[in-house]
Amino acid sequence: MRVWRLAVVVLSGAVVALSAAFADDSAKAALAVSERASGVYVHEGAQADADRHNRGDIANIGFVVGTRCVAVIDTGGTPTIGRRLKAAVERETNRPVCYVINTHMHPDHVLGNRAFADGDTRFIAAEGYWRALSARASSYLDSAANHIGVDADESWIVEPDRMIADQATIRLGDRTLTLTAHQRAHTDNDLTVFDSKTGTLWLGDLLFVDRVPSIDGSLTGWLDVIAALEDRENVDTIIPGHGPLGHDLKRMLGPEKRYLSHLRRDVRKAIDDGYGIDYAVANAAREERDDWRLFDQYHPRNVTAAYTELEWQ
Amino acid sequence: MLTIGIMATCLAAALTLHAGPSTAQSNIRSTDRAEVAWKALRDEHFGDRPIVDGSDVIALDAPDQAEDAAVVPITITDKRADTDRPSIERLWLVIDNNPVPMSAEFRFGPAAASATIGTRVRVNTYTYVRVLVDTGEDSLYMVKHYVRAAGGCSAPIGSDPTEALKHMGEMRLRQVRRNAGDAARSQLLIRHPNITGLQMDQLTRHVWPAHFVDAITIRKGDALVLDASMTFSLSENPALEFDARRGASGPISVRVHDNKDNTFDKTWQPQTAQAAHEEETDT
Ligand SMILES: [Zn+2]
């Protein structure tokens, strides 16, 4: 075992040296990952907005290692982060990456895809992903350039090989991952990944922990998805899109469910009482403010999104 | 303080920023100080007609910093209502730095209680929003408000456009107010994708063809409340608050027209509209 490990280190060292020729210095360092369940590796991103300091490393990303090959789940906010994640994969195993799974189209989860796009790796996402990403790609790239301070171009955007409308399984050898597409919630292309071998559930941005959820899909749809998820059994490890991991699904979903429920209650009441959007923005779910990071940055927009959704219900 | 920079990360805010917020702000601020765009517009639309400060005639409420550039709520309040001064006959809404700045024009009829209106607009870049009114006097009156928001016209279409078409033309009429104690006004909601024609799919280079509401006529009984024409500056699912005369009798009828020559009609019988008013006065 020890000898084998050594060989992997030498091999991955060579790969890293090779890729360093194309990348800046930070690309050399493998991303810090920890094994949170057997063969399940996770890197926790910063609980902040993408900026020059965190360089777009703000989402939880990682990979699952099977006896045949590896599935990467989300790739971070730049190709550099993707390359560092790839270096972390190569440090842990010599098996190839056969799949990149994107939990939804947001830039902090997908702009590292290009690092994996030069081999036999297949890219998988939920139905709706490509339409949503294509429509927003230029603004995501502009935003990366402005806020992270990198040169971003369209080569960062990778078209998926397969989009899943409902549910699908993929085999990595000894383990099988179940991919489930959900109704419109955080976005219109949310995908969750379940590893039955370890009972690990990757929720992507269907779960925000500590950081305020952002609504880019449907408030009521999201609450429906939470209701369907929260009583799920045989889940041992839960990986949110943002924030610390945990083991108690219902408890982890609790604060998010409460925030979204308060938002729905207050915005509905504002609409029923005949108040406009600006009143709702100033008053809805204000009691949640102290419980969330980035509340002032995202909450007003969530109210606007909730209002324009609920006024037609 | 919310900055545009913070908003764009996970949220898919679709803010098309071509420079950092501070640069964009200072660039636009310096051109706006000269109001170059407005000077050209002024000549084009209003010729030599004198334009004077209108803050005694109208109030324009708009956010300084918009939460969502594709949904910027604005309210225009008629200060001449219930006075002896000449009433507002026409009103123009101009968004200086939008692709088509002349955003909407309203004509008010005998069934309008006032020229007070509210709507939600798209703001493409930092800009003055201005309102001009014609009271039949020699001069036009104008007020303006600077709004910091960006990307509203190119923000991705909120829902699947084919899905949105299924509900196109559905309408609702309800009572709204801005704050407790304000008089309630009627609000018309129209389901329409209101596609600007500037929403490009960057990878396929496909531009969704423009498809937006370009005219709204509202009557109470046979009498005109208002007749409005507009560009794609109104947000998806356009909303329009208006102030119909309570005494005027008959149903509220609305006709909506779009640039693909679709027409949508809906009529609300007086008891529906009246019930909503009464419910409002009870609370
Ligand atoms: Zn997200």
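The values are calculated or read from the model by the stated rules, or taken from the named source; none is laboratory data. Predicted model only: the values in this text are computed from it and were never measured. Every residue, glycine as well, gets a Cβ built from its backbone with ideal geometry; the counts of neighbours run over all protein chains shown. The area values use the complete protein model at the heavy-atom level, side chains included, leaving out ligands, DNA and RNA. Shrake-Rupley method; radii C 1.70, N 1.55, O 1.52, S 1.80 Å.
Evaluate the distance, in nm, between pseudo-label points positioned 7 Å from the Cα of A:R289 and of A:S196 along their respective Cα→Cβ axes.
4.9 nm
So if we plug the beta-carbon distance of A:W312 and A:D236 into 1/(1 + (r/R0)^6) with R0 = 45 Å, what FRET efficiency do we get, rounded to 0.05?
Computed FRET efficiency for A:W312 and A:D236 comes out at 0.65.
Mind checking the angle between helix A:249-272 and chain A's longest principal axis? C-alpha axes, 0 to 90 degrees, to the nearest 10.
30 degrees
To the nearest 10 square angstrom, how much accessible area does A:D174 have with a 1.4 angstrom probe?
Roll a 1.4 Å probe over it and A:D174 shows about 80 Å².
Looking only at the protein assembly as shown, where both bridge partners belong to it, what percent of the DSSP beta bridges are antiparallel (to the nearest 5)?
Counting DSSP beta bridges with both partners in the protein assembly as shown, the antiparallel share is about 80 percent.
Give, ordered by residue number, each residue of the stretch A:142-187 whose 1.4 Å probe accessible area is reduced by a minimum of 20 Å² on adding the remaining protein chains to the chain alone.
By number: A:D142, A:S143, A:N146, A:H147, A:E154, A:R184.
What residue among B:V254, B:G169, A:N302 has its Cα farthest toward the positive end of the dipole of the protein assembly as shown, where the charges are +1 on Lys, Arg and -1 on Asp, Glu, each on the Cβ?
Most positive-ward Cα: A:N302.
Could you tally the net charge around B:S87, taking each other residue with its Cβ under 13 Å from the Cβ of B:S87, Lys/Arg +1 and Asp/Glu -1?
Net of charged neighbours comes to -1.
Between the DSSP loop rule and a limit of at most 13 other Cβ atoms within 10 Å, which trypsin sites (Lys or Arg not before Pro) in the stretch A:36-118 are left?
A:R52, A:R68
Determine the share of the stretch B:42-194's accessible area contributed by carbon and sulfur atoms, expressed in whole percent, with a 1.4 angstrom probe.
44 percent
Put a dot 7 Å past each Cα toward the Cβ at A:R95 and B:Y146; how far apart are the dots in nm?
5.9 nm
Roughly what percent of Cα-Cα pairs across chain A reach past 36 Å?
17 percent
Counting only protein heavy atoms, what percent of the accessible surface of the stretch A:241-313 is carbon or sulfur at a 1.4 Å probe?
46 percent
Check the protein assembly as shown and count each lysine pair with an alpha-carbon distance under 21 angstrom, considering only pairs eight or more places apart or from different chains.
8
What are the residues of the stretch B:63-80 that lose 20 Å² or more of accessible area, with a 1.4 Å probe, going from their chain alone to all protein chains?
B:E67, B:D68, B:V71, B:P73
At a probe radius of 1.4 Å, figure out the B/A buried accessible area, summed over both chains, and give it in Å² to the nearest 100.
That pair of chains buries around 4100 Å² in total.
Ignoring ligands, DNA and RNA, how do B:M142, A:M105 rank by accessible area with a 1.4 Å probe, largest first?
Largest accessible area first, the list is B:M142, A:M105.
Angle, helix A:2-20 long axis vs. longest principal axis of chain A, Cα atoms, 0 to 90°, nearest 10?
Value to nearest ten degrees: 70.
Using a 1.4 Å probe on the protein heavy atoms, what percent of the accessible area of the stretch A:83-195 belongs to carbon and sulfur?
Solvent-exposed carbon and sulfur of the stretch A:83-195 make up 39 percent of the total.
Kindly write out, for the stretch B:82-88 in residue order, the coupling ³J(HN,Hα) from the Karplus curve 6.51 cos²θ - 1.76 cosθ + 1.60 (θ = phi - 60°), rounded to whole Hz, with x marking Gly and Pro.
With the stated coefficients, the stretch B:82-88 comes to 6, 10, 8, 6, x, 8, 6 Hz.
Per residue, how much accessible area does the protein assembly as shown show when a 1.4 Å probe rolls over the protein heavy atoms, in square angstrom?
With all protein chains present, the protein assembly as shown gives 40 Å² per residue.
Would you please give the residues with an amide H less than 5 Å from that of B:S114, counting only those at least 5 places away or on a separate chain, with H modeled from the backbone geometry?
It is B:D243, by chain and number.
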